[in-house]
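Chemist: Okay, here's the structure, questions in a sec.
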Number of protein chains: 2
Amino acid sequence: MNVRQRLSPARVVDAALELVDEQGVEALTLAAVAAKTGVATPSLYKHVASLGELRGLLGVRVLEEMTERFTSAVIGRAGDDAVAALMHAYRAYVREHPKRYAAMPMDPLHDELQRAAGVKLMEVMLATLRSYGMEGSQAVHATRRLRVIVHGFASIESSGGFGLPEGLDDTYDQLVRMYLDDLRGQS
Amino acid sequence: MNVRQRLSPARVVDAALELVDEQGVEALTLAAVAAKTGVATPSLYKHVASLGELRGLLGVRVLEEMTERFTSAVIGRAGDDAVAALMHAYRAYVREHPKRYAAMPMDPLHDELQRAAGVKLMEVMLATLRSYGMEGSQAVHATRRLRVIVHGFASIESSGGFGLPEGLDDTYDQLVRMYLDDLRGQS
DNA sequence: TTGCAAGGCTAAGGGCATTAGCTTTTGAGC
DNA sequence: GCTCAAAAGCTAATGCCCTTAGCCTTGCAA
């Protein structure tokens, strides 16, 4: 029996992700998710506590996807090669899912799961920088600078904040080179 | 008569700005603005076309304030001195009004006024870089890199995205130095 | 086979944005 | 000072959305 696949929290997040990718965050409504999953709105509460929690789960999912992709981008590489690969993987993910990225708040303060997922992503960055022999606070600062650059660019690009997209690849290459030079100077 | 100051679009934006500063974007609701201005909700429509337009006006206001402050920060300075002053002024503004900054979308595509205000802000950056003798696309790239850094940091800091705020001043100083070194290399 | 828990549904309440249509105020021109 | 029209306010009402309550069905485990 049970022709129709039963719902689960994961499937709800799937639908929410589709919705965000197609129409942006403001379209993420329980009513729309319910329609997409073929269920009445209140039924979603059997799988998700609230719209707020769904947003949190969405953030966790995105952070996990990013962590996974950055990890495989970096594996087998070291030094400048690894850092450049990480930065390009970051931008590539955001270009594939711009609305999804723009949807994810940088503010994981109220969501423990999301905070944990964010920490894991940062650990990938930290580990990548370890091949430069950085330790302690020096490594923390270097990770922050990296984050500022990749997120700054991604945030502006994903929301169409750059005027014309002309030469954006060049701009990003310059940022990568700037950061690599910076690392060289610090070590 | 008329003890109570009559409402105007500017006063509506004032109230909205207060609301955002105090409680964040999600608290920006026409009902709340109406309460703060001592008026019934539908009366706001005599001054503002919709909640969306109010958000746009808010963005314009913030961009104008930033432009003004950055302009006076930069006036009378040149070269590295000017760039450093601009970057520090940017961060200072965002630290004073973190929620306000986080509220402003990077996406001015649907709002012509906001786009124009953004262009003016970028012109201040461009003008500041002109003392490096940059022209055309080189100047555009340099402006973009600057924007990525200041916005990236501001975006993360304003939404509490850095874990502990420990050493954030140092991190920012390093970013400033990184960018100045980068400019030196490009010229 | 029985019974219970999981998962679905309808009904209903409350908040918000927005529109319609009315009333009051105000100020410009006479 | 008076008139009257536009500006600015209000109440009523609609529709969408989140959320809760309470009920019904299904499927599985004992």
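Chemist: Of the residues B:SER159, B:SER131, B:SER137, which is among the polar types (S, T, N, Q), more than 18 Å from A:GLY160 (Cα to Cα) and touching an Asp or Glu at 6+ places or on another chain (Cβ under 7 Å)?
Modeler: Numbers: B:SER131 fails: touching an Asp or Glu at 6+ places or on another chain (Cβ under 7 Å); B:SER137 fails: touching an Asp or Glu at 6+ places or on another chain (Cβ under 7 Å).
Selected residue: B:SER159, the only one of B:SER159, B:SER131, B:SER137 that is among the polar types (S, T, N, Q), more than 18 Å from A:GLY160 (Cα to Cα) and touching an Asp or Glu at 6+ places or on another chain (Cβ under 7 Å).
Chemist: What about A:LEU121, is it within 13 Å of the chain's Cα centre (by Cα) and open to solvent by less than 70 Å² (accessible area, probe 1.4 Å)?
Modeler: When the stated conditions are applied, A:LEU121 passes them.
Chemist: Separate question: So which of A:THR29, A:THR37, A:THR41 ends up being open to solvent by less than 50 Å² (accessible area, probe 1.4 Å) and of a type in the set (S, T, N, Q)? Break it down stepwise before answering.
Modeler: On the way: A:THR29 fails: open to solvent by less than 50 Å² (accessible area, probe 1.4 Å); A:THR41 fails: open to solvent by less than 50 Å² (accessible area, probe 1.4 Å).
The unique qualifying residue is A:THR37.
Chemist: Taking the stated definitions as given, is B:LEU126 open to solvent by less than 50 Å² (accessible area, probe 1.4 Å), under 27 Å from B:GLN138 (Cβ atoms) and in a helix (DSSP H, G or I)? Give the steps one after another, and end with the answer.
Modeler: Values: open to solvent by less than 50 Å² (accessible area, probe 1.4 Å): no; under 27 Å from B:GLN138 (Cβ atoms): yes; in a helix (DSSP H, G or I): yes.
No: the conditions fail for B:LEU126.
Chemist: Go through segment B:129-182 and give me each residue that's in a helix (DSSP H, G or I), hydrophobic (A, V, I, L, M, F, W, C) and either touching a Phe, Trp or Tyr at 6+ places or on another chain (Cβ under 6 Å) or at the interface with another protein chain (Cβ under 9 Å from one of its Cβ atoms) (or both). Talk me through it step by step, then tell me what you get.
Modeler: Taking segment B:129-182 first, the residues in a helix (DSSP H, G or I) are B:129-130, B:136-158, B:168-182.
After this cut, where a residue has to be hydrophobic (A, V, I, L, M, F, W, C) as well, the list is B:129, B:139-140, B:142, B:146, B:148-150, B:153-154, B:156, B:168, B:175-176, B:178, B:180.
Within segment B:129-182, B:VAL140, B:ALA142, B:VAL148, B:ILE149, B:VAL150, B:PHE153, B:ALA154, B:ILE156, B:LEU168, B:LEU175, B:MET178 meet the criteria.
Chemist: Of all residues in segment B:54-74, which are free of Cβ contacts under 8 Å to residues at least 24 places away in the same chain and surrounded by fewer than 17 Cβ atoms within 10 Å (Cβ to Cβ)?
Modeler: Applying the first criterion (free of Cβ contacts under 8 Å to residues at least 24 places away in the same chain) to segment B:54-74 yields B:68, B:72-73.
Correct list: B:GLU68, B:SER72.
Chemist: I've got another one for you. Which of the following residues is more than 8 Å from every other protein chain (Cβ to nearest Cβ), part of a helix (DSSP H, G or I) and either modelled with pLDDT under 95 or open to solvent by 10 Å² or more (accessible area, probe 1.4 Å) (or both): A:ARG91, A:ARG77? Steps first, answer last, please.
Modeler: Details: A:ARG77 fails: part of a helix (DSSP H, G or I).
On inspection, the qualifying residue turns out to be A:ARG91.
Chemist: Name the one entry in B:ARG177, B:ARG145 that is of a type in the set (Lys, Arg) and in contact with a Leu (Cβ under 8 Å, 6 or more places away or on another chain). I'd like the intermediate steps shown before the answer.
Modeler: Values: B:ARG177 fails: in contact with a Leu (Cβ under 8 Å, 6 or more places away or on another chain).
Unique residue meeting the criteria: B:ARG145.
Chemist: For the condition crowded, with 20+ Cβ neighbours inside 10 Å and out of contact with any helix residue (DSSP H, G or I) (no Cβ under 6 Å at 6 or more places or on another chain), what is the one hit in B:ARG100, B:ARG147?
Modeler: Working: B:ARG100 fails: out of contact with any helix residue (DSSP H, G or I) (no Cβ under 6 Å at 6 or more places or on another chain).
So the residue among B:ARG100, B:ARG147 that is crowded, with 20+ Cβ neighbours inside 10 Å and out of contact with any helix residue (DSSP H, G or I) (no Cβ under 6 Å at 6 or more places or on another chain) is B:ARG147.
Chemist: Go through segment B:33-82 and count every residue that is farther than 30 Å from B:ARG177 by Cβ and of a type in the set (A, V, I, L, M, F, W, C).
Modeler: 13
Chemist: Find all pairs meeting these conditions: Cβ atoms under 6 angstrom apart; at least six residues apart or on different chains; first residue within segment A:26-52 and within 14 Å of another protein chain (Cβ to nearest Cβ); second residue within 9 Å of DNA strand D (Cβ to nearest atom).
Modeler: Cβ pairs passing all conditions: A:LEU51/A:LEU30.
Chemist: Right, next: Within the group B:ARG6, B:ARG11, which residue is within 16 Å of DNA strand C (Cβ to nearest atom), on the phi < 0 side of the Ramachandran plot, outside the structural domain of B:ARG177 (by TED's automatic domain parsing) and outside any helix (DSSP H, G or I)? Full working, then the answer.
Modeler: Details: B:ARG11 fails: outside any helix (DSSP H, G or I).
Within the list B:ARG6, B:ARG11, the selection yields B:ARG6.
Chemist: Next up: So which of A:ARG61, A:ARG69, A:ARG55 ends up being under 18 Å from the mean Cα position of the chain (by Cα), within 14 Å of another protein chain (Cβ to nearest Cβ), more than 9 Å from DNA strand D (Cβ to nearest atom) and under 25 Å from A:ARG147 (Cβ atoms)? Spell out the reasoning first.
Modeler: Values: A:ARG61 fails: within 14 Å of another protein chain (Cβ to nearest Cβ); A:ARG69 fails: within 14 Å of another protein chain (Cβ to nearest Cβ).
A:ARG55 is the lone residue from the list that is under 18 Å from the mean Cα position of the chain (by Cα), within 14 Å of another protein chain (Cβ to nearest Cβ), more than 9 Å from DNA strand D (Cβ to nearest atom) and under 25 Å from A:ARG147 (Cβ atoms).
Chemist: Same structure again: Test B:GLY136 against the criterion of being farther than 21 Å from B:THR71 by Cα, surrounded by 16 or more Cβ atoms within 10 Å (Cβ to Cβ) and small (Gly, Ala, Ser), and give yes or no.
Modeler: no
The values are calculated or read from the model by the stated rules, or taken from the named source; none is laboratory data. Bear in mind the structure is a predicted one, so any value in this text is a computation, not a measurement. Quick reminder, even Gly has a Cβ in these numbers, built from the backbone with ideal geometry, and neighbours come from all protein chains shown. Calculation scope for accessible area: heavy atoms of the full protein, side chains included, ligands and nucleic acids excluded. Shrake-Rupley method; radii C 1.70, N 1.55, O 1.52, S 1.80 Å.
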